[in-house]
């Protein structure tokens with residue numbers, strides 16, 4: 001449904017925006033940490049190199065080769081390299097074989113990436129190097145290995161990237177999970193709302209949690225309570241009216257019957273005719289009140305008190321036997337197709353009453369020599385009873401309305417009836433949690449009506 | 001000897017109507033408008049039939065009925081109630097009621113039901129009857145064979161059940177509702193037309209053309225088999 005998809009969209013958009021922002025900040029953070037770590041480590045290396053050059057600077061020229069040689073010999077871990085060259089760049093002492101071409105001898109640190117060649121012709125990895133030219137023209141180059149430092153930096157950055165990715169994934173996953181929970185709540189709310197829209201006003205939206213959704217649910221529930229209270233008031237007022245008017249109407253009928261018995265005194269055909277019409281009208285009035293009260297009675301039944309296992313197959317045969325003569329009387333073709341179906345849980349008498357209302361309608365609306373068809377099919381979800389006729393049919397826009405009290409289709413106003421038959425059926429279906437679907441019997445505009453009763457619980461739908 | 005009827009009913013309008021209707025039919029009617037008095041009168045045992053409202057001030061109809069049956073008053077009781085649902089009906093009949101009528105009712109319906117109750121009481125309970133006889137009609141209850149003037153008439157199961165019910169109550173007015181309740185066992189109003197069609201089918205079979213009709217329609221109320 002529309003509502004569901006929009007929800008999905010909003011949450012998803014928020015989530016994506018959040019993920020992008022998070023990723024960007026993590027990248028900036030890592031970059032800054034990497035940069036500051038490198039700078040700091042270069043600074044440290046530079047100060048070490050500086051102090052070494054300072055030390056060499058304090059040594060006299062003749063002793064310098066020897067000093068450098070000793071320092072080189074003392075270096076077992078190969079973290080520091082030294083080289084002494086004469087004014088022309090020729091190697092005098094130390095393990096640095098040549099002055100790197102890209103190293104200016106300006107007493108500042110430079111990072112050399114693999115260009116420093118040391119003794120035994122080994123090319124060092126990344127080093128920090130610094131060189132000076134002494135007053136005598138000799139040149140000194142000292143270098144410090146940065147490999148393990150770089151290693152540390154790499155490890156740190158890896159850890160940061162990994163951690164960032166992990167955090168991102170976890171946050172996206174938990175966001176999705178929370179979203180899922182929220183979506184489930186929205187779906188629950190949607191189901192309940194649909195049921196309420198179908199007239200099941202007893203239902204309430206699920207509540208729980210203390211968020212905006214919950215607040216809305218509480219508000220809607222409060223509203224529903226108020227609506228239900230008003231509906232019940234209106235309904236009980238209607239029932240009260242029906243109940244109170246029924247007794248005087250019954251008195252009128254009795255009085256009219258008494259008058260009819262005395263008609264021979266008057267001997268007037270006109271009056272007799274009017275009296276007959278009045279009796280018919282009085283009967284109709286009582287029928288309607290009766291039907292209204294019957295609907296309330298069914299609605300107020302203690303839920304499922306009289307329920308037991310009902311064999312629909314025999315029920316349909318019984319119904320068919322009861323109504324077939326009525327159809328035959330008007331030349332209506334009567335077709336019964338009954339599958340063996342599993343028994344349903346229901347109130348046999350009420351189901352019989354409801355189905356007989358449907359059959360009565362079908363026969364009423366079928367034309368003379370028309371057709372009425374009863375079909376009991378074994379649907380995967382349960383038994384399905386379809387009663388169809390080839391009468392005028394119900395226009396699509398009226399199909400919902402026919403289930404309401406007193407509704408009479410435009411084309412059927414001339415036919416007798418209280419307009420309450422289908423309301424009784426609806427009430428019985430609601431009690432059973434079955435569904436009544438109003439449809440057309442085949443394609444085309446005047447193809448008749450098809451009433452389908454789905455005899456399985458619909459609350460979970 | 002006149003038939004004495006006790007009506008326990010708290011609505012004076014309805015009670016007046018009942019009394020007027022029953023007196024017109026030749027019954028002697030006593031009206032009581034509350035439960036305790038109703039119980040006291042009913043206990044006297046001088047009534048042939050008792051009409052009991054379900055809801056009464058003081059003592060409700062079901063309690064009165066249960067008490068009556070406990071002390072051994074066997075007069076038939078017709079329960080009247082504004083509550084029409086099946087549970088209420090079953091409760092009324094279980095407590096010992098003989099019939100149940102939902103208010104407001106047709107006066108013809110009331111008298112027809114009372115007559116049936118009275119007849120049932122007047123006649124000894126059915127001995128092991130094997131045949132029913134009314135005018136030219138004979139029904140064999142064992143073989144389910146129906147004959148008119150010795151000629152066998154073949155009936156469908158429903159038609160047979162209608163005829164059997166009419167034969168058992170020969171000479172009494174049977175309303176459509178009573179027939180529907182007895183033959184089909186349901187308690188709603190299926191519409192006049194439906195029962196008429198079934199009756200029409202039965203009549204066509206048991207009354208050959210030209211012969212005297214055995215089942216007559218009573219205008220506005222039902223049928224009678226003579």
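The figures follow:
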item: Test item: A:350-362 mean partner chain Cβ contacts at 10 Å; result: 2
item: Pairwise label distance in nanometres, residue A:190 with residue A:311, each label 7 Å out on the Cα-Cβ vector; result: 4.3
item: Helix-only CD estimate at 222 nm, as mean residue ellipticity for chain B, using -39500 (n - 2.57) per DSSP H run (n ≥ 4); result: -12500 deg cm²/dmol
item: Square roots of 5 times each gyration tensor eigenvalue, C-alpha, chain B, largest first, Å; result: 35, 18, 16
item: Within chain A, helix-based [θ] at 222 nm, where runs of 4 or more DSSP H residues each add -39,500 (n - 2.57), nearest 500; result: -19500 deg cm²/dmol
item: Relative contact order [Cα under 8 Å, 6+ residues apart], chain B, whole percent; result: 13
item: Number of partner chain Cβ atoms within 10 Å, mean per residue of A:258-265; result: 1
item: Order by protection proxy (mean Cβ within 10 Å, highest first), peptides A:74-82, A:430-438; result: A:430-438, A:74-82
item: Nearest-ten-degree value, helix A:64-74 long axis tilted from longest Cα axis of chain A; result: 40
item: Size of segment A:25-73 as Cα extents on the principal axes (Å, biggest first); result: 57, 20, 8
item: Cα-derived Rg to Rh of segment B:1-47, Kirkwood definition; result: 0.97
item: Relative frequency of Cα-Cα separations exceeding 21 Å in segment A:272-373, percent; result: 53
item: For segment B:130-179 and segment A:149-194, distance of Cα centres in Å; result: 83
item: Zone of residue A:216's modelled label, taken as backbone nitrogen in segment A:157-186 under 19 Å from a point 7 Å along Cα→Cβ; result: A:176-186
item: Relative contact order of segment A:225-371, defined on C-alpha pairs under 8 angstrom at six or more residues apart (%); result: 23
item: With eigenvalues of the C-alpha gyration tensor scaled by 5 and rooted, segment A:342-381, Å; result: 24, 15, 6
item: Shape metrics for segment A:75-176, restricted to C-alpha atoms - Rg then Dmax, Å; result: 20.2, 73
item: Beta bridges by DSSP in the protein assembly as shown, antiparallel share as percent, to the nearest 5; result: 75
item: Segment A:128-181: translational diffusion in µm²/s, Stokes-Einstein, Kirkwood Rh over Cα pairs, 37 °C, 0.692 mPa s; result: 214
item: Estimated Rh, segment B:21-147: Kirkwood, alpha-carbon pairs, angstrom; result: 16.3
item: Spin-label model distance (nm) - residue B:211 vs residue B:226, 7 Å beyond Cα toward Cβ; result: 1.7
item: Debye-sum result for the protein assembly as shown in log10 I(q)/I(0), which assumes one identical scatterer on each alpha carbon, at q = 0.07, 0.08, 0.12 Å⁻¹; result: -0.65, -0.79, -1.36
item: Contact order normalised by residue count of chain A, Cα under 8 Å, 6+ apart, percent; result: 9
item: Helix B:107-122 vs. chain B, principal-axis angle (Cα, 0 to 90°, nearest 10); result: 90
item: Within 10 Å of each Cβ in A:320-328, the average number of Cβ atoms from other chains; result: 5
item: Alpha carbon Rg of segment A:247-329, scaled by the compact-globule rule 2.2 N^0.38 Å; result: 1.70
item: Kirkwood hydrodynamic radius over Cα pairs of segment A:148-264, then Stokes diffusion coefficient at 4 °C and 1.567 mPa s, in µm²/s; result: 62
item: Using alpha-carbon coordinates, inclination of helix A:269-300 to the longest axis of chain A, degrees; result: 30
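Every number here is computed from the coordinates shown, using simple stated rules; none is lab data. Here the structure is a predicted model, which is why all the values come from computation and not from measurement. Methodologically, a virtual Cβ is constructed for each residue, glycine included, from the backbone with ideal geometry; neighbour enumeration extends over all protein chains shown.
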